[in-house]
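Structure, as structure tokens:
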Amino acid sequence: MRRLARVLALLLFTQIVIAQEVDDGDRLLNRPADRTYDIILESGYLKVGMYQDFPPYSYEVDGEPMGVDVALGRRIAQEMGVEFKVHWIVPDENLGDDLRNNVWKGHYLAKRRLADVMLRVPYDKTYAYMQDSTGEYINEQVVLFGPYQQETWQIAFDPARLDSVETVAVFQYNRIGVEIDTLPDFYLTSALAGRMREQVRHFKSVEDAFRAMRSGEVSAVMGMRSEIDHELAKAENSKFRAASNGFPGIGKQVWDVGLAIKHTHRQLGYALEAIVDKLVKSGEMNELMAGLNLRYSVPGYYRNFLDEEAIARAEGSR
């Protein structure tokens, strides 16, 4: 029994040493098991998780990180007085997997590769407090907070092929491009009793869908507003226009996006929340997006307590 106890103690000690001291040559991967606010400040850098190859939010051009989330991550790090470092996220099957692999646990092939904070996470109370069949909270390991933008769906169309897009019903007779396996894909192939299904064309990205619109393969493209704005700002897409229609039956027409951290890092969360709050209310968040030719809408969270003048200031209207 004593020998077994010594073996167990040795195994436990070995696990602790591995968790704290293994060095694989990349200091971004060699982080303490619990990277708290004080440790972040002491380390001199903040690892900000954001999705890879996801223009206009986060992507690379010649190896340089670009996009609105990159700009926001830099400002947050600057406010904290630390260096900004990107933690690229390759999306998994669902948001829960992304949060587990990048915020609170780590992927089974790289458990120590975690972000300090993750951006572009839907700020949704229903999702945050979702329970499984036993009543346990599914997302109890993370905290969703700090909404910094309101996103919505948008259609862009070619006025040479369509006079206008007042309703999605026009796509019963006109081809429209979508990124495959996204909500616009599911929506357009099922809405109106499936009458638009045969007119939907699938593409790897919104950028590819715009390329198809330039060649005449489709008459319109549907995606998130910022994705559409990003493409409309390109010279080769200058002849296309943003539609003003709504999307009946789509579920969520607009939604807030914010941040996520591990649930034990509350002090970090409070600091980040204060920074984001200042950027939103001062109008700087709007300026970050306007600098990239993107429209900005104040998150619905703020619309519950800010007056019209404050909202207008945040959106750059005053």
Quiz item: Would a scan of segment 140-157 turn up a residue that is outside any loop (DSSP other than H, G, I, E, B), modelled with pLDDT under 95, buried (at least 20 other Cβ atoms within 10 Å of the Cβ) and among the aromatic types (Phe, Trp, Tyr)?
Solution: no
Exercise. Go through 253, 199 for me and flag whichever is over 30 Å from residue 138 (Cα atoms) and touching a strand residue (DSSP E or B) at 6+ places or on another chain (Cβ under 8 Å).
Key: 199
Exercise. Can you confirm whether segment 116-132 contains a residue that is closer than 17 Å to residue 263 by Cα, surrounded by 15 or more Cβ atoms within 10 Å (Cβ to Cβ), assigned by TED's automatic domain parsing to the domain that holds residue 273 and in contact with a Ser or Thr (Cβ under 9 Å, 6 or more places away or on another chain)?
Key: yes
Exercise. Have a look at 70, 82, 48 and point out the one that is β-branched (Val, Ile, Thr) and in contact (Cβ under 8 Å) with a residue 60 or more places away in the chain.
Key: 48
Quiz item: Could you list, in sequence order, the residues of segment 239-259 that are hydrophobic (A, V, I, L, M, F, W, C), surrounded by fewer than 18 Cβ atoms within 10 Å (Cβ to Cβ) and part of a strand (DSSP E or B)?
Solution: 242, 254
Quiz item: Give me the pairs: first residue in segment 162-190 and more than 16 Å from residue 228 (Cα to Cα) and in contact (Cβ under 8 Å) with a residue 40 or more places away in the chain, second residue charged (D, E, K, R) and not in a loop (DSSP other than H, G, I, E, B), beta-carbon distance under 6 Å, and six or more apart or on different chains, which are they?
Solution: 175/201
Practice problem: Would you check if residue 29 is modelled with pLDDT under 95, part of a loop (DSSP other than H, G, I, E, B) and of a type in the set (A, V, I, L, M)? | Solution: yes
Quiz item: With respect to the numbered conditions (1) touching a residue at least 24 places away in the same chain (Cβ under 8 Å); (2) assigned by TED's automatic domain parsing to the domain that holds residue 212; (3) surrounded by fewer than 18 Cβ atoms within 10 Å (Cβ to Cβ), which one is the sole condition not fulfilled by residue 284?
Solution: (2)
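A quick yes/no check of all residues on (1) farther than 30 Å from residue 245 by Cβ; (2) in contact with a Lys or Arg (Cβ under 8 Å, 6 or more places away or on another chain); (3) touching a residue at least 40 places away in the same chain (Cβ under 8 Å):
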| site | (1), (2), (3) |
| --- | --- |
| 56 | no, no, yes |
| 76 | yes, no, yes |
| 95 | no, no, no |
| 104 | yes, yes, yes |
| 118 | yes, no, yes |
| 130 | yes, no, no |
| 146 | yes, no, yes |
| 149 | no, no, yes |
| 158 | no, yes, yes |
Self-check item: Some residue of segment 159-170 being among the polar types (S, T, N, Q) and either surrounded by 19 or more Cβ atoms within 10 Å (Cβ to Cβ) or part of a strand (DSSP E or B) (or both)
Solution: no
Exercise. From 217, 236, grab the single residue that is part of a loop (DSSP other than H, G, I, E, B), touching a helix residue (DSSP H, G or I) at 6+ places or on another chain (Cβ under 9 Å), in the same structural domain as residue 170 (by TED's automatic domain parsing) and surrounded by fewer than 22 Cβ atoms within 10 Å (Cβ to Cβ).
Key: 217
Quiz item: Do you know which residues across segment 287-318 are surrounded by 13 or more Cβ atoms within 10 Å (Cβ to Cβ), in contact (Cβ under 8 Å) with a residue 60 or more places away in the chain and part of a loop (DSSP other than H, G, I, E, B)?
Solution: 292, 293, 294, 295, 296, 297, 298, 299
Quiz item: Taking segment 58-74 only, how many residues are assigned to a strand (DSSP E or B) and either outside the structural domain of residue 142 (by TED's automatic domain parsing) or out of contact with any Lys or Arg (no Cβ under 8 Å at 6 or more places or on another chain) (or both)?
Solution: 6
Quiz prompt | Flag if residue 223 is within 30 Å of residue 143 (Cβ to Cβ), crowded, with 17+ Cβ neighbours inside 10 Å and touching a strand residue (DSSP E or B) at 6+ places or on another chain (Cβ under 6 Å) | solution = no
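The values are calculated or read from the model by the stated rules, or taken from the named source; none is laboratory data. Since we're looking at a predicted model, the values are computed, not measured. Virtual Cβ from ideal backbone geometry, glycine too; neighbours counted across all protein chains shown.
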